[in-house]
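First comes the structure, then the notes that go with it.
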Amino acid sequence: MSRPDATIAAEAQRILERLGIARDRFEAGTLAVRSPITGEPIGRVVETETAAVPEIIARAHAASLRWRLVPAPRRGELVRLLGEELRAEKQALGRLVTLEVGKVVSEGLGEVQEMIDICDFAVGLSRQLHGLVLPSERPDHKLTEQWHPAGVVGIISAFNFPVAVWSWNAALALVCGDPIVWKPSEKAPLTALAVDALMRRAAARFGDDAPDGLATVLIGGQEVGEALVDDPRVPVVSATGSTRMGRAVGERLARRFAKPILELGGNNASIVTPSADLDLTLRAVAFAAMGTAGQRCTTLRRLMVHDDVYETLVGRLVAVYRTISVGSPVAGDALVGPLIDGTAFAAMGKALDAARAAGGTVHGGERVDVNGAASFYVRPALVEMPGQVGPVAEETFAPILYVLRYRDLEQAIALQNGVPQGLSSSIFGNDLREVERYLSAAGSDCGIANVNMGPSGAEIGGAFGGEKETGGGRESGSDAWRGYMRRQTNAINYGRTLPLAQGVTFEV
Ligand code: NAD
């Protein structure tokens, strides 16, 4: 057998070199990068000194003073060029995502497609950053609302969407007139270097209107992230990651009244009603629960199945769990790749032990030897639970699906909503009354509620994010752009008198 580790490191380096990144930036640094495919080292990336962060943010701030004056449609042109660069390098960047975080090939490519899609969206948006004209209560007055660039936007991202999350924020922030400073996950710095190189290419083609400091990357861990979060010249910070991280970042931002966009953990559920199309449900559940090896924020983690269809559906699901292909994303066509590291594997084992102790019946969940002891592959686990007890209310970032029975839709909705997280959710069914109840104010309490599909795999056209401990932030489509701008209300008197609002008189 060829040595896959050597192949992976060499291939990652070839991609980075082709993108014009100097070797010493990813070979001579202090941050060790391992590919989860084999667990072998694939790079040593140069880290940003925490002491250097204020100077980097000063440059971004200076860039903001220029960039905010560039007309928005012209700013859109930069994002159009970025989209072109991404199209040209889709294969290379998608492959690097696979090599660095272990996504299967189609998911690595899909992540880059998402970047392209949000660029297209943002280009159109650059001509639509509209305000309002409102009726004034005073004669000869006009009341308007307009949106201005907010200033420097900080972006902190998680390992599991190492490049797409940057683009959801970056494409919007750039057309909104904001420079961006990005702190990617310390587990995925190579893809960040690659994206940075593509952004530089786009900026070079764009010309002098793109100021120095418009888009920067800070390589490092928590300390560098904190320096970004605490800097008063960064009015907006979009942070994606665990609820633990979001709580820390949210508190720090609140201390200086900066605007948070928090995209945190999920514990997503689906409800399978008696009228569901079970063939469709089976495929949807399999993808949502096992895709990306259970390492999506929107991964399906809890399934409430009606008594009438429980035996049929769960029996078929257990068979799929037994046979789903688990393997290396770069050899063969496995659907489930590796966990990111040993810590994730240990967390999965701990959750399964806790589920057993709480009365659960575990199907699957065992380690699969694909590339030796330094990599962590698992058979996804389906766990039949007697109730929403033990680890079911927690997010374990691994492929574990807890299955619960229900009899009454209200009970199923209460179970679904009865956890601290509120990201994504879905219902399977063809009974209009049940489906609409689920989507009503008394239904799902999540930021995303789907019908006849799983909770994962969002399109960029809608606003993305969730409630409760998921943090309340919104990114991507719809009117999420408003989070990257500051609102200004303008009252304009074009008459010759000074009527005061609310009929107040003040004669001097
Ligand atoms: P993580 O919280 O460990 O790290 C995320 C990022 O935050 C990293 O860049 C990390 O360096 C940084 N960070 C951690 N503590 C920090 C601090 N105190 N100050 C500043 N920065 C800090 O998350 P992870 O393991 O990389 O990703 C998995 C988690 O992310 C899961 O909980 C998943 O649900 C969540 N996630 C959420 C979304 C969403 O859109 N809601 C998307 C992807 C991932």
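No value in this document is a laboratory result; all are computed from the given coordinates. Source: prediction; values computed, not measured. All Cβ positions, glycine included, derive from the backbone under ideal geometry; neighbour counts span all protein chains shown.
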Quiz item: Starting at 0 and stepping by 10 Å, how many percent of the alpha carbon pairs of the chain end up in each bin?
Solution: 4, 18, 27, 25, 16, 7, 2, 1, 0, 0
Exercise. Would you grab the residues whose amide H sits under 5 Å from the one on Glu49? Only those 5+ places off in sequence or on another chain, please, with H modelled 1.01 Å from N.
Key: none
Quiz item: When the Debye formula is applied to the Cα atoms of the range 330-447, each taken as the same point scatterer, what base-10 log of I(q)/I(0) results at q = 0.14, 0.15, 0.17 Å⁻¹?
Solution: -0.71, -0.79, -0.93
Exercise. Would you pull out the residues with amide H under 5 Å of Tyr406's amide H, same chain only if 5 or more places away, H placed 1.01 Å from N?
Key: Val305, His306, Asp307
Quiz item: What is the distance, in nm, between label points placed 7 Å from the Cα along the Cα-to-Cβ direction at Leu439 and at Thr497?
Solution: 5.1
Self-check item: Ranked list, fewest to most other Cβ atoms within 10 Å of each Cβ, for Ser426, Ser478, Ser185
Solution: Ser478, Ser185, Ser426
Practice problem: Based on other C-beta atoms within 10 Å, arrange Val314, Val305, Val123, Val383 from fewest to most. | Solution: Val314, Val123, Val383, Val305
Quiz prompt | Residues Arg75, Arg322, Arg252, Arg296, sorted so that the one with the fewest Cβ neighbours within 10 Å comes first | solution = Arg322, Arg252, Arg296, Arg75
Practice problem: Could you work out the relative contact order of the chain, using alpha carbon pairs under 8 angstrom and six or more residues apart, expressed as a whole percent? | Solution: 18
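Which of the peptides 264-274, 326-336 is most tightly packed, and how do the rest follow, going by the mean number of other Cβ atoms within 10 Å of each residue?
Descending packing order for the listed peptides: 264-274, 326-336.
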Quiz item: Antiparallel DSSP bridges in the chain: what percent, to the nearest 5?
Solution: 40
Practice problem: Please get the size of the charge dipole for the range 326-426, origin at its Cα centre, with Cβ charges of +1 on Lys and Arg and -1 on Asp and Glu, quoted in debye to the nearest 20. | Solution: 160
Self-check item: Relative counts (whole %) of C-alpha pair distances in the range 308-396, using bins that are 10 Å wide
Solution: 16, 42, 33, 8, 0
Practice problem: Give, in nm to one decimal, the length gained when the segment between Arg356 and Gln488 is fully stretched (0.36 nm per residue of separation minus the Cα-Cα distance). | Solution: 42.0 nm
Quiz item: Kirkwood hydrodynamic radius of the range 118-210 from all distinct Cα pairs, in Å?
Solution: 15.4
Quiz item: Count the lysine pairs in the chain that are 8 or more places apart or on different chains: how many have C-alpha atoms under 27 angstrom apart?
Solution: 13
Practice problem: Would you mind calculating the gained length between Arg127 and Glu55 on full extension (0.36 nm times residue separation, minus the Cα-Cα distance), in nm to one decimal? | Solution: 22.7 nm
Quiz item: Which cross-chain or sequence-distant (5 or more) residues have an amide H under 5 Å from the amide H of Val370, H modelled 1.01 Å from N in plane?
Solution: Tyr377
Exercise. Can you tell me the dipole magnitude for the chain around its Cα centre, using point charges on the Cβ only (Lys, Arg +1; Asp, Glu -1), in Debye to the nearest 20?
Key: 740
